[in-house]
Amino acid sequence: MMHTPTQHHTGSRHVKGASLIEVLVSALILSLGMLSLVGIQASTSQVSKVSALRAEASRLGQDMADRIRANQAATANYALATGYDGNDTAIDLMDCSTAACTGANIAALDIAQVRNLARLALPRGDIRITSSIVDNLTMVNVWVMWIPAGATGDGTDANLTAISGTGCPAAITVAAGTQCLLTRINL
């Protein structure tokens, strides 16, 4: 008869699976990773919104620049340097289709149309136009201004300001949080 050796366990057991503590630590690490991904998503979304607003402001500035170039004889009539009010009501337009319009009338119409476009396309959007003569060149500055959605206008919206900077001219009074984009034209 043949004798088969028996195995004896020396007191140590091989445990299969994970302990409750290991599962909890894994869940904690996973949840921290998910929270950081949500934070990155929120930050990316905010930067994307600011970028879209700046792109729209750039388009409006170029639109106004094209209108000024098309009516260069009336460049002086494009001055609009009053303080920014953030108002979103539409501006009345004059009708040049039934009466002959002068260059000054066309300038007033252009300003009203672009201001209305800014108010439709940007939150509390508006424009300001200044000009100066430097070395016999007329330099026209078109400032497109808006207060981003979520901005309070009272200075508590530092995150929006930190992302893109305000860029507003010192000579124009604006509310805290107002964003500005400059388009400069040399005529």
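A few notes on this one:
- Each peptide among 171-177, 63-69 gets the average number of other Cβ atoms lying within 10 Å of its residues, and from highest to lowest they stand as 63-69, 171-177.
- Extended-chain gain in nm, criterion 0.36 nm per residue less alpha-carbon gap, residue 170 and residue 23: 47.1 nm
- Across segment 61-74, coupling constants 3J(HN,Hα) worked out from phi with the 6.51/-1.76/1.60 Karplus curve, θ = phi - 60°, read x, 5, 4, 5, 4, 5, 5, 5, 4, 6, 10, 4, 5, 10 Hz, and Gly and Pro carry x.
All of the numbers you see were taken from the coordinates with simple rules; none came from a lab. Source: prediction; values computed, not measured. When we count neighbours, we look across all protein chains shown, and the Cβ atoms used for this are built from the backbone with ideal geometry, even at glycine.
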